[in-house]
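The values are calculated or read from the model by the stated rules, or taken from the named source; none is laboratory data. Computed from a predicted model, the values in this text were never measured in an experiment. Virtual Cβ from ideal backbone geometry, glycine too; neighbours counted across all protein chains shown. Side chains included, ligands, DNA and RNA excluded: accessible areas come from the protein's heavy atoms. Shrake-Rupley method; radii C 1.70, N 1.55, O 1.52, S 1.80 Å.
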Amino acid sequence: MAHMDMSNMDMSDMDMDMGDGHMMHMGNLKRKFWVSLILMIPVILMSPMMGVKLPFQLIFPGSDWVVAVLGTILFFYGGGPFFSGAKAELQMKQPAMMTLISMGVGVAYIYSIYAVIANNVFHVTPMVNNFFWELSTLIVIMLLGHWIEMNTVMNAGSAVDALGKLLPQEAHVVDEQGNLTDVNLSDLQVGQTVSVRAGEQIPADAEIISGASDVNESLVTGESKAVKKAAGDSVIGGSVNGTGTFTAKVTGTGDSGYLAQVMKLINDAKSAKSDSENLADRVAGWLFYAALFVGILSFIIWLTVANLAVALPVAVAVFVIACPHALGLAVPLVVSRSTAIAAQNGLLIRNRNAMEQVNHLKFALMDKTGTLTMGEFKVNHLVSFDNQRSEDDVLSLMASLEKGSSHPLATGILTAATTKNLSFTTASDTHQETGLGQFGTVANTTYGVVSVNYLEQNNLNYDRDQFSQFAAEGNSISYLVAGKQVLGLVAQGDQIKSAAKMLVTALKRQGITPVMLTGDNQETANKVAASVGIDDVQARLLPEDKERLVQKYQETGKVLFIGDGVNDAPSLTRADIGMAIGSGTDVALESADIILVSSDPADVIQFLDLARATQRKMTENLWWGAGYNLIAIPLAAGVLAPIGFMLNPMVGAIIMSFSTIIVAINAMTLRIKNVPAE
């Protein structure tokens, strides 16, 4: 994890897993396309298409040899990525697009070299037509298709990179004599003592031995922005130290650290997601077997009924015509168009595979706060249970404890205190108990702003009827406690987003079950859920519960997950479609397949509509691309020869070109309702 800083990496030089077991290098692919395009131009100018000389072509003595040299360079240089991909596909016994392309260009190249030698060395008659024109155009079009595809899906890094950047490169290790030594993070071991200075990132999970500070854990846990830490408290690797300096004993590093565990969950989820086959590859796999079978069969039949001079060109024509010019562009062009439309409407698509899952979605899991609600809490009720303290006193004490926190509930309390012009100080010795509350000392007395879970766990008395009344109104309730005494409460309400109910209604109409997830109390969760029309509610959740719920729902159907915190990152990645609120944390955004830039629930429906329209266009293009082959391959093999019809290779090439043009035009006509065109 110490070597994961990719801030200086040029994205154009990144490798990309194409999903079929082979890697393509982005920078090399771009260079290969331009070089191959330059080589293709003279090949087209000097090489007849399917043996037919066109008006613009330049043929002179020795031009065949020039074409052969250029074609050979183009074959080995431009075709290299496809041969590597075909090798990987065949090793996995799953021939697909790369194998089909390799078969087409391989047969075209070998037969073309034979044609050049036969025509220019042995001077055979009639002359043998070469396929350099088809070979060069196929390689260039396929390189263009994969360049478009890779350029579309390779965007701003990965969740693992973002998490890796949270860790420093070195740690200050303190030996038994108190001497400081800087060591690489990869060499840090559990049990060692480290010194963490003001403003530094904490190198590993550790327990403070001496010193104190406030620690910013927001990027790691999504919890309070500034948490007081002292001797005996635990700190998380990747969080940022405040103004103090402390020494701590390392409790977790490498695979055992908190960030490493989150990264493992993300990587595991990504691996699980990438197992699905690409539809275009499946179609290409079927065409490979079809072309191979028909080509061999036609060769045998024509060799039997005619001779080698007839059988060989027929078989070669079958293999060459099977080359997927249109099929190679069918998906990349639609993906590129779809991504552009989405970006213009506040939808950033980071994973193209997410588009393919939409038609199979069964559940939409979403957080309450930030997704269905604004995440801006307002104090609706303030109650004091202590005759010695007024309601303003209760609010002032709560504000003292929450000062410096960025938690939405804390922000609501601080806003209310500021609005009332109440004076409050910053509590000392503050610390947080996850899921229970915030504690600190004010005027030599220890107080806590706690949830109802804390009261129940510590058997503290409170008015349950009052709690139920406030909670039923949709409030989140916090109590002020001192020791065993409950001093008061504050009930805060969060506004429901105007588009939340529309989102839920639209999901139900599409057969997708909405599920609300929240760490809030059950009563408040039920109130919000009832307001927007959600029947399935999961409340009082701790952060680690979310990914388990995603997996649970996945047992019965595809899952869309909407979240915004770092602790949502594994769930966002584990879900079939992970959707991050644009206002969320960096790691959550990096983990998501889709980012809602404006954080508007209506954009979820926009994405679903766009994804379905995209899938329709992909299917149409695949039918155009594959449909040509389904008709042309049998005709090239001579299936209609008994009635006197053989497909002229030139006609086949023209139809192939038209198929490619139709696929391109169809992709550019992609439109969806309520989403403006480019």
(message) Can you tell me which residue is surrounded by the fewest Cβ atoms within 10 Å (Cβ to Cβ) among those in the range 478-527 that are among the hydrophobic types (A, V, I, L, M, F, W, C) and assigned to a helix (DSSP H, G or I)?
(response) Met502
(request) Please work out if Thr425 is open to solvent by 10 Å² or more (accessible area, probe 1.4 Å) and assigned to a helix (DSSP H, G or I). (result) no
(request) Looking only at the range 77-101, count how many residues are part of a helix (DSSP H, G or I), out of contact with any His (no Cβ under 8 Å at 6 or more places or on another chain) and surrounded by fewer than 24 Cβ atoms within 10 Å (Cβ to Cβ). (result) 5
(request) Go through the range 463-501 and give me each residue that's within 41 Å of the chain's Cα centre (by Cα) and among the aliphatic types (A, V, I, L, M). (result) Ala471, Ala472, Ile477, Val490, Ala491, Ile496, Ala499, Ala500
(message) Let me confirm something: among Glu473, Glu433, which residue is charged (D, E, K, R) and touching a Phe, Trp or Tyr at 6+ places or on another chain (Cβ under 9 Å)?
(response) Glu433
(message) Would you confirm whether or not the range 404-418 contains a residue that is more than 41 Å from the chain's Cα centre (by Cα) and open to solvent by less than 30 Å² (accessible area, probe 1.4 Å)?
(response) yes
(request) Check off (1) of a type in the set (A, V, I, L, M, F, W, C); (2) modelled with pLDDT under 85; (3) closer than 17 Å to Asp429 by Cβ; (4) open to solvent by 50 Å² or more (accessible area, probe 1.4 Å) for Ala226 and give me the number that stays unchecked. (result) (4)
(message) Just to be sure I understand the filter: pairs with C-beta atoms under 8 Å, separated by 6 or more residues or on different chains, first member in the range 433-452 and in contact (Cβ under 8 Å) with a residue 60 or more places away in the chain, second member charged (D, E, K, R) and crowded, with 21+ Cβ neighbours inside 10 Å. Which pairs pass?
(response) Gln438/Glu402; Gly440/Lys228
(request) Output the residue which, of all residues in the range 544-559 that are under 26 Å from His407 (Cα atoms) and at pLDDT 85 or above, is surrounded by the most Cβ atoms within 10 Å (Cβ to Cβ). (result) Val550
(message) Given (1) without any contact (Cβ under 8 Å) to a residue 40 or more places away in the chain; (2) among the basic types (Lys, Arg); (3) under 30 Å from Ser531 (Cβ atoms), identify the lone condition not met by Lys403.
(response) (3)
(message) Please go through (1) open to solvent by less than 70 Å² (accessible area, probe 1.4 Å); (2) within 29 Å of Gly232 (Cα to Cα); (3) not aromatic (Phe, Trp, Tyr) for Ala471 and return the number of the only condition it doesn't satisfy.
(response) (2)
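Could you please find all residues in the range 374-398 being assigned to a strand (DSSP E or B) and modelled with pLDDT of 90 or more?
Pass one, the range 374-398, residues assigned to a strand (DSSP E or B): 374-384.
Those that are assigned to a strand (DSSP E or B) and modelled with pLDDT of 90 or more: Val379, Asn380, His381, Leu382, Val383, Ser384.
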(request) Starting from residues that are of a type in the set (Val, Ile, Thr) and farther than 29 Å from Ile562 by Cα, keep the ones in the range 370-403 and report whichever is surrounded by the fewest Cβ atoms within 10 Å (Cβ to Cβ). (result) Val383
(request) Please specify each residue of the range 187-200 satisfying the condition of being open to solvent by 60 Å² or more (accessible area, probe 1.4 Å) and either without any contact (Cβ under 8 Å) to a residue 24 or more places away in the chain or part of a strand (DSSP E or B) (or both). (result) Asp187
(message) Out of everything in the range 173-186 that is more than 15 Å from Gly252 (Cβ to Cβ) and not in a strand (DSSP E or B), what residue ends up being most open to solvent (accessible area, probe 1.4 Å)?
(response) Glu176
(message) Looking at the range 336-354 only, could you name the residues that are open to solvent by less than 10 Å² (accessible area, probe 1.4 Å) and either closer than 28 Å to Gly295 by Cβ or in a helix (DSSP H, G or I) (or both)?
(response) Ser338, Ile341, Ala342, Ala354
(request) Would you check if Ala96 is over 32 Å from the mean Cα position of the chain (by Cα) and among the small types (Gly, Ala, Ser)? (result) no
(request) Output the residue which, of all residues in the range 560-594 that are of a type outside the set (A, V, I, L, M) and assigned to a strand (DSSP E or B), is modelled with the lowest pLDDT. (result) Gly563
(request) Sort out which residues of the range 199-213 are under 14 Å from Val235 (Cβ atoms) and of a type outside the set (Ser, Thr, Tyr), and write them in order of number. (result) Glu200, Gln201, Ile202, Pro203, Ala204, Asp205, Ala206, Glu207, Ile208, Ile209, Gly211, Ala212
